[in-house]
Every structure is written in structure tokens, then in C-alpha cells.
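The values are calculated or read from the model by the stated rules, or taken from the named source; none is laboratory data. Quick caveat, the model's predicted, so the values are computed rather than measured. No Cβ is skipped: glycine too gets one built from the backbone with ideal geometry, and neighbour counts run over all protein chains shown.
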Amino acid sequence: MEEIFDDPTNEHRKQELGGKDPSPPELLKKIEQLKVELVQKEEKLLEIDLLYEHVSRLTDKIRTAAESGRHNTLLLAKRTNELQKKIKDRTQKMMALTAELSMRQALAIKLQQEMRDKEHFLMVVSSRMDQGLPLPQETESEWLKILRNEKIRSEAAEARARHAAEEAAATAAGGVCSAAQRRPAVYIPDSDYSLPLPRPYGALAPFKPPEPSSHMRHYRKPIIKPTEI
């Protein structure tokens, strides 16, 4: 096939195409038609450009609105978190107040019951006193207990007042307040050649041994053996 088409002397290597060439009027008409189509295409392209510009402006507006909406969404989320935190705090406070109110109600009910019991007890005691009967044994025991507690409190108050007075006197005399027990500062000589008058120890005061500690219970007491002579 290649050799046939490469041979210039071969008359059958070319193939005539059918058809005919258009005439000049037909060519002019075709050119005019193409110009009209070109103008239509340009108009359509211009419309597409205008539509693209309009869509671009709308897209820019939508993008701006979306960015603004994102910022507003962030602010709204922060505000929502703050409100949720406030709601949680208020809920906890309400629960605490509800629990406290329940405790107060229980205390009020208890106090009301005690008041009713006291009123009933007062009525019973008044009735027995009007009839000349002795008081119940529980009432007498309770009264003795109250008297004993008052006596203990009064003795404790007197002891505190006395201790405070002693401390004030020691401070006024230039002494030092201390909770330690006082050591003997004088002694009475036991001698036939001296009078039984108190004498100060001076710098050689006797040593007072401390109380045995609790660890002494682990030691066995020594057994004293009799001395054999």
C-alpha cells in the first residue's frame, strides 16, 4: 500500500472527492450567516459575562455573610456556654437551698413535737399539783440532774475565776504565769541545834522526779531479794 501511494507515475494513487465548490453568492451568503452566528455567540458570551459578574457579586455577599455568621455563631456559642454555666450554678444553689429547707422543716417538726410534749407534760404536772399528788419519778430525776449540772457549772466558773485571779496577781507581782506545779523553795531543818524555821534552798533545790510514762508497763518490776547476813 505504501509503495502504491509513493509511486508518482501511478495514476490510481489519488482519489477524486465528490461534490462541487459553492459559487461566490453562496459563499457570501455563508459568510453573512457565519457573521450573524458570530454576533449571536458574542451576545450570548456577553450575557454569560454579565451573569458571571452578578453571580460573583452575590457570591461575595454570601461569603461576607457567612464570615459574619461564623463570628456571630462563635459569640452565640460563648454566650450559650456562659448561660449553661449560670444555669448549672443556680441549679446547685437551688439544690443546696432545698436540702437546707428540708433540714429546717425536719427541725421545725421536731421542735413542734417537743413543744407539744412539753405542753402535755406541763398539763400533767399542773393537774397532779392541783390534786396534791407528788411529781412523777422522771420529773424528780430530771430536776435533780438539772440542779447537779448547775452546781457543776457554777463550781467550774468559780475555779476559772479563782485561777484567773491568781494569774492576775502573779502577773502584777512581776511573776511568770505557768501551769507547772510549784516546787518547794524552802525547807524546815530537822536538827536539834537549830530552830524549826523555814530556810530557802537557794540554787540547790531538790529535784522532783517526773511521773512514770506509759512505756514503763513493758518493764517487769524487780523482785527484791532478802539480804542474808
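What the table below lists for this structure:
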| item | result |
| --- | --- |
| Selected residue (only one of P210, P222, P189, P226 is assigned to a loop (DSSP other than H, G, I, E, B) and surrounded by 10 or more Cβ atoms within 10 Å (Cβ to Cβ)) | P189 |
| Set E138, E67, E166, E142: member being in a helix (DSSP H, G or I), surrounded by fewer than 10 Cβ atoms within 10 Å (Cβ to Cβ) and at pLDDT below 85 | E138 |
| Enumeration of residues in the stretch 180-222 that are out of contact with any strand residue (DSSP E or B) (no Cβ under 8 Å at 6 or more places or on another chain) and basic (K, R) | R182, R183, K208, R217, R220, K221 |
| Search result, residues across the stretch 10-30 that are at pLDDT below 75 and either surrounded by 10 or more Cβ atoms within 10 Å (Cβ to Cβ) or of a type in the set (S, T, Y) (or both) | N10, R13 |
